[in-house]
Amino acid sequence: MITYIDGKYVDDADATVSVRSKALNYGLGCFGGVRGYLGDDGQQVHVFRLDAHIKRLRDAANVLYLKLPEDSASILLEVLKRNEIHQDIYLRPLLIHNSTQLTPVLLEDDTSFIVYALPLQRYIDKDAIDVCISSWRRVRDNAIPSRLKPTGGYLNSALARREAKNNGYDEAIFLTESGMVSEGSAEHIFIVRDGVLYSPPSTEDNLDGITRRSLITLVTEDLGLPFQERGIGRTELYFADEVFLVGTGAQVTPVNSVDRRLIGGGGIGPITARVQKHYLDVCRGRVEHRMSWLTPVW
Ligand code: PMP
């Protein structure tokens, strides 16, 4: 496939960095994850919330002393065009500190900007997943900024995910250092109790999530469901009526059990099913008044 790197569109094989790159040695950088959805006409691809993704990447770049090109949104679209994409697709914009100096310093002029595409149907290949509470705590925003998407911070996610898999679970839920529910390894969490949806704020050391924010708008404005943003305690997960994880990759993924406690009757709950359907309808361009969230590629 064609990948963008520092002003050039090249074959994947030619988009390389040095083994000495600080990005590789120290995990210095940040990234985004954006989805394009094939429309019902089988031709058009709708990029979901491109502006919000670019804004988050710009905020991350500012915090981490990286330079995001002014025309980054058009570069993302150009990567899709050059690859003649007419299918569901995932885009990965990546900003890295790409100097080969030994010390882990952050200098804007060392920035490399990379964008690659990846055909992607399902990120989680199950209808409802079994999750555990991780023994790893979520990295604090005040240590490695978890509100952004810092490359090095994903060691935290990878450890939790590996532990979950080792123990026979599909995914891990992080608690914060103070024991509140934070997020999954790459997803935010919502619970339903007595018909009300709850999700913890990003001050619980989780990513400033675009799917999460979009869903809050969709459930309150379009579906008319009550929602409250507030801290969630561990045991609340065990007796919630429904639990689901959300994210660009995960979309809306129902949780079957938490630490082997079955949620509701197991499987997908009725509110989760409504939220999931509406979200995917919006992504595929079937909801007229949400078309402003989509950027057409063609
Ligand atoms: N949390 C983490 C740690 C993630 O990596 C992701 C994936 N980007 C999410 C949550 C979901 O965020 P978003 O909806 O912005 O993709």
>> Suppose we filter VAL45, VAL17 for residues that are more than 16 Å from the ligand (Cβ to nearest atom), touching a residue at least 40 places away in the same chain (Cβ under 8 Å) and in contact with a Phe, Trp or Tyr (Cβ under 8 Å, 6 or more places away or on another chain); which single one remains?
In response: VAL45
> Is it the case that some residue within region 283-293 is within 16 Å of the ligand (Cβ to nearest atom), in contact with a His (Cβ under 8 Å, 6 or more places away or on another chain) and either open to solvent by less than 30 Å² (accessible area, probe 1.4 Å) or assigned to a loop (DSSP other than H, G, I, E, B) (or both)?
Replying inline: yes
>> For region 218-251, which positions are crowded, with 19+ Cβ neighbours inside 10 Å and away from the ligand (no atom under 16 Å from the Cβ)?
In response: LEU237, ALA240, GLU242
>> Name the single residue that is farthest from the ligand (Cβ to nearest atom) among those in region 190-212 being farther than 13 Å from THR248 by Cα and open to solvent by less than 10 Å² (accessible area, probe 1.4 Å).
In response: VAL192
> Which residue pairs have Cβ atoms under 7 Å apart, sit 6 or more places apart or on different chains, and have a first residue in region 195-222 that is touching a residue at least 24 places away in the same chain (Cβ under 8 Å) and outside the structural domain of GLN276 (by TED's automatic domain parsing) and a second that is open to solvent by 30 Å² or more (accessible area, probe 1.4 Å) and within 9 Å of the ligand (Cβ to nearest atom)?
Replying inline: none
>> Within region 171-181, does at least one residue satisfy the condition of being assigned by TED's automatic domain parsing to the domain that holds PRO200, polar (S, T, N, Q) and either outside any loop (DSSP other than H, G, I, E, B) or within 11 Å of the ligand (Cβ to nearest atom) (or both)?
In response: no
> Considering region 252-266 alone, what residues qualify as being open to solvent by 30 Å² or more (accessible area, probe 1.4 Å) and either part of a strand (DSSP E or B) or outside the structural domain of ALA172 (by TED's automatic domain parsing) (or both)?
Replying inline: ASN256, ARG261, LEU262
>> Only one of THR151, THR111 is buried (at least 19 other Cβ atoms within 10 Å of the Cβ), polar (S, T, N, Q) and in the same structural domain as ASN62 (by TED's automatic domain parsing). Can you tell me which?
In response: THR111
>> Anything in region 154-170 that is under 12 Å from VAL258 (Cα atoms), open to solvent by 10 Å² or more (accessible area, probe 1.4 Å) and either within 16 Å of the ligand (Cβ to nearest atom) or assigned by TED's automatic domain parsing to the domain that holds PHE31 (or both)? List them, or say none.
In response: ASP170
> Is it true that LEU215 is within 16 Å of the ligand (Cβ to nearest atom), surrounded by fewer than 17 Cβ atoms within 10 Å (Cβ to Cβ) and part of a helix (DSSP H, G or I)?
Replying inline: no
> For residues in region 155-170 being of a type in the set (S, T, N, Q) and not in a loop (DSSP other than H, G, I, E, B), which is farthest from VAL131 (Cα to Cα)?
Replying inline: ASN156
> Within region 6-54, how many residues turn out to be surrounded by 12 or more Cβ atoms within 10 Å (Cβ to Cβ) and either in the same structural domain as LEU218 (by TED's automatic domain parsing) or assigned to a loop (DSSP other than H, G, I, E, B) (or both)?
Replying inline: 13
> Which of the residues spanning region 80-100 are touching a helix residue (DSSP H, G or I) at 6+ places or on another chain (Cβ under 6 Å) and β-branched (Val, Ile, Thr)?
Replying inline: ILE96
> Picking from LEU76, LEU80, LEU94, which residue would you name as being under 21 Å from LEU24 (Cβ atoms) and either among the acidic types (Asp, Glu) or in contact (Cβ under 8 Å) with a residue 24 or more places away in the chain (or both)?
Replying inline: LEU94
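The values are calculated or read from the model by the stated rules, or taken from the named source; none is laboratory data. In this text, all values refer to a predicted model and were calculated from it rather than measured experimentally. Glycine gets a Cβ as well: all are built from the backbone with ideal geometry, and neighbour counts include every protein chain shown. Side chains are part of the model used for accessible areas, which takes the heavy atoms of the whole protein and leaves out ligands, DNA and RNA. Shrake-Rupley method; radii C 1.70, N 1.55, O 1.52, S 1.80 Å.
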